[in-house]
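Student: I have a structure here, written as structure tokens, and I will follow up with some questions on it.
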Amino acid sequence: MSDEKLITVTSPLLPDLKEFEKMLEDIWDRKWLTNNGYYHKELEKALAEYLGVPYISLFTNGTLPLITALQALRITGEVITTPYSFVATTHSLWWNGIKPVFVDVDEKTGNIDPDKIEAAITPRTTAIMPVHVYGTPCDTKRIKEIADKYGLKLIYDAAHAFGVWQDGKSILEAGDMSTLSFHATKVYNTVEGGALICHDEATKKRIDYLKNFGFAGETEVIAPGINSKMDEIRSAYGLLNLKQVDKAIENRKKVAEKYKEAFKNVEGIRCLDDIEGVKHNYSYFPIFIDEEKYGMSRDALYAKLKENNILGRRYFYPLISEFTTYKGLESSSKENLPVAHKLADSVICLPMYADLTDEDVERIIEVVRK
């Protein structure tokens with residue numbers, strides 16, 4: 001193991017501590033720690049404006065908005081989704097008693113392949129839940145056409161897609177609802193946190209009831225809700241981080257450009273291309289290894305980086321469909337998901353964060369190019 005400093009795969013965006021202390025003092029003075037407090041309301045307003053969305057509801061993590069979206073839209077039966085994601089996507093279906101149906105992904109982006117969706121639709125299908133993998137937008141136009149044709153609801157897991165725009169519109173406008181994660185590892189974080197985006201006031205009201213035990217007033221409960229509200233401390237932290245997220249994304253873009261330039265002529269390494277008309281957030285930097293051309297397997301490179309005190313991440317590996325909970329589903333067969341398996345077996349995400357130094361980036365590049 002190298003004695004050089006450890007380079008982690010990610011590092012959290014942190015607000016100024018002195019500014020945060022002032023806000024904490026104010027929270028202490030107000031003595032209102034949760035339940036739709038001052039900073040919670042301020043953060044919802046600020047995020048709706050920044051993200052270009054009409055209605056946003058804050059949550060205590062990124063999984064609960066997925067669970068709540070399914071409840072709010074009264075989804076049942078089967079939902080078509082992707083095996084190439086973080087396991088929370090599918091867990092949200094399981095927790096709602098819904099059967100996940102996996103379809104294969106597009107090799108170029110890792111997103112759900114629209115060409116595979118229609119064949120998976122059955123009389124029990126009620127919705128599609130795609131993921132904007134690594135923050136790269138799905139083919140939202142094609143997916144909407146399919147959803148409309150079969151009368152299906154459309155919920156986007158946009159955990160990676162904070163601040164992503166396409167053709168001048170927020171990617172969060174797509175579908176019936178979109179969810180975000182504000183986990184410490186994300187481009188924008190509130191330590192833990194998340195959000196659910198919808199398009200009308202009535203739906204926003206229902207979501208807010210559901211995330212507060214179903215209370216519609218002091219003595220009236222209108223649905224079997226859950227407790228998933230964001231507190232004042234994380235809301236204040238989030239307001240401060242929002243002030244610096246644009247700069248953080250700029251820095252991430254510079255790191256991505258250095259990686260791309262360094263690897264463009266390295267045989268056996270494929271990077272994701274920026275898409276024309278998309279404002280990317282550079283949330284991850286995955287590379288895909290062709291073992292035969294590169295001369296080394298993905299796992300061997302992963303180990304080599306570790307030996308040099310550099311932590312990569314095989315993200316997403318293994319596929320959700322390979323986990324014990326979901327392996328028994330018919331749609332989990334390897335024959336059904338060849339592209340997803342190919343990506344899962346060849347991907348490694350390199351370190352990517354706003355304060356990654358030039359020296360760190362050069363060290364990473366040197367190990368990968370060797």
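The values are calculated or read from the model by the stated rules, or taken from the named source; none is laboratory data. Nothing here was measured: the structure is a model prediction, and the numbers come from that model. Heads up, the Cβs are rebuilt from the backbone with ideal geometry, glycines too, and the neighbour counts pull from every protein chain shown. Note: areas computed on protein heavy atoms with side chains; ligands, DNA, RNA excluded. Shrake-Rupley method; radii C 1.70, N 1.55, O 1.52, S 1.80 Å.
Student: Only residues in the stretch 255-282 that are of a type in the set (S, T, N, Q) count as the first member; pair them with residues that are assigned to a loop (DSSP other than H, G, I, E, B), Cβ under 9 angstrom, at least 6 apart or cross-chain, and list the lot.
Tutor: Partner pairs satisfying both residue conditions: Asn281/His160; Asn281/Ala161; Asn281/Phe162; Asn281/Gly163; Asn281/Val164; Asn281/Val187; Asn281/Tyr188.
Student: Another one. Consider the stretch 172-208. How many of its residues are open to solvent by 30 Å² or more (accessible area, probe 1.4 Å) and on the phi > 0 side of the Ramachandran plot?
Tutor: 1
Student: Determine whether Ala174 is closer than 30 Å to Asp355 by Cβ, under 22 Å from the mean Cα position of the chain (by Cα) and of a type in the set (A, V, I, L, M). Spell out how you get there, then give the answer.
Tutor: Numbers: closer than 30 Å to Asp355 by Cβ: no; under 22 Å from the mean Cα position of the chain (by Cα): yes; of a type in the set (A, V, I, L, M): yes.
In short, no.
Student: Hey, Ile7 hits all of (1) out of contact with any Leu (no Cβ under 8 Å at 6 or more places or on another chain); (2) of a type in the set (A, V, I, L, M, F, W, C); (3) under 29 Å from Ile310 (Cβ atoms) but one; which does it fall short on?
Tutor: Failed condition: (1).
Yes/no per residue for (1) of a type in the set (Ser, Thr, Tyr); (2) within 18 Å of Lys45 (Cα to Cα):
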| site | (1), (2) |
| --- | --- |
| Phe162 | no, yes |
| Gln166 | no, no |
| Tyr188 | yes, yes |
| His199 | no, yes |
| Phe213 | no, no |
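Student: If you don't mind, another one. Across the stretch 1-44, what is the number of residues that are of a type outside the set (S, T, N, Q), open to solvent by 30 Å² or more (accessible area, probe 1.4 Å) and within 17 Å of Ser181 (Cα to Cα)?
Tutor: Matching residues across the stretch 1-44 total 2.
Student: Ala223 - would you say it is open to solvent by less than 40 Å² (accessible area, probe 1.4 Å), part of a loop (DSSP other than H, G, I, E, B) and more than 22 Å from Ala158 (Cβ to Cβ)? Break it down stepwise before answering.
Tutor: Numbers: open to solvent by less than 40 Å² (accessible area, probe 1.4 Å): yes; part of a loop (DSSP other than H, G, I, E, B): yes; more than 22 Å from Ala158 (Cβ to Cβ): yes.
When the stated conditions are applied, Ala223 passes them.
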